[in-house]
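Working notes, structure below.
The values are calculated or read from the model by the stated rules, or taken from the named source; none is laboratory data. For clarity, every value in this text was computed on a predicted model and none was experimentally measured. Backbone-built Cβ (ideal geometry, glycine too); neighbour counts: all protein chains shown. Heavy atoms of the whole protein, side chains included, go into the accessibility calculation; ligands, DNA and RNA do not. Shrake-Rupley method; radii C 1.70, N 1.55, O 1.52, S 1.80 Å.
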Amino acid sequence: MTRSAVISSAAIASLASAARGFCRGVLVLLGLMAMAQTMPARAQGSLDARYEATLAGIPVGKGVWRIDIGDDQYAASASGGSSGLLKAFAGGDGTGASQGRVINGQLQPTSYNATTTTSRKSESIRMTLAGGVIKDFAIEPEPPVDADRIPVTEAHRRGVSDPMTGSLLRAAGSGDPLAAESCRATTAIFDGRMRYDLRLDFKRMDTVKAEKGYRGPALVCAIYFSPISGYIADRAAIKYLVAQRDMEVWLVPLAGTRILVPFRLKIPTPLGNAVLEATQFITVATAPRAASKTQ
């Protein structure tokens, strides 16, 4: 086999892998954008967004993300699937959702679930949470025990956010939410399998424009990934993400709140940049619910 054939085969295999795992990728990317999970109780708004994923400029998937934040409860959901030429030989789709309550100005997740289906297998993850503690979680079908996987301890399941709830970044204080300081944060994520920390740092300001909906300023933050447990240290993908210093996320405001939501995400790969970007980003502030006059 010629060198060019080897390169082509490797490229096709990598693209196929990217397409098969796109749905999980949507959820993981949302997790990689994850930060703090607090917000003012009075802040209320909704989001209806559509995203497109590309690898080296080639369309590989599409996704939908919806968020609704009310007086005392919230819900977020995402779905996605492979698209374009890759769908013919590497189809995949999936969904994810989180819901919880707003208590004393904080988002408190109570449940999270995600399902991915590819031509090879289907997998479901579910979790229940209380006060930032994972009370119960399961993966179906149950994955085989791997002695090389770093165990997730009880302590690792405390003080964490699920990926969907964690995808909302709160801007502290009362000033401009798109201030550089909003980028400077670290959070702990547990996705049902792996526990990892994410750190953001300010890079620059930019301007973004969706085909439908939001157009305006965006806060660009660098993303740094630190796995804690639930992973195999020798895996090339893990080593690659840990070494990356060029991952970036573009954050824009959720109307009616001090919450910043990912509009665009870029992760360099050996085949070119993997990019998840909103083509539609419709966000609306909702009126606070009137207080009841009766007890």
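Worth a mention:
- Scanning the range 143-183 for residues that are under 20 Å from residue 107 (Cα atoms), at pLDDT 85 or above and of a type in the set (Lys, Arg) yields 157, 158.
- Subset of the range 209-234 (residues that are open to solvent by 10 Å² or more (accessible area, probe 1.4 Å) and either part of a loop (DSSP other than H, G, I, E, B) or among the polar types (S, T, N, Q) (or both)): 211, 214, 226, 231, 233, 234
- Looking only at the range 154-171, residues that are open to solvent by 40 Å² or more (accessible area, probe 1.4 Å), touching a residue at least 12 places away in the same chain (Cβ under 8 Å) and not in a helix (DSSP H, G or I) come to 3 in all.
- Of the set (1) open to solvent by 50 Å² or more (accessible area, probe 1.4 Å); (2) without any contact (Cβ under 8 Å) to a residue 60 or more places away in the chain, all apply to residue 120 but (2).
A quick yes/no check of all residues on (1) farther than 30 Å from residue 148 by Cβ; (2) open to solvent by 50 Å² or more (accessible area, probe 1.4 Å); (3) part of a helix (DSSP H, G or I):
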residue: 188; (1), (2), (3): no, no, no
residue: 202; (1), (2), (3): yes, yes, no
residue: 237; (1), (2), (3): no, yes, yes
residue: 256; (1), (2), (3): yes, no, no
residue: 262; (1), (2), (3): yes, no, no
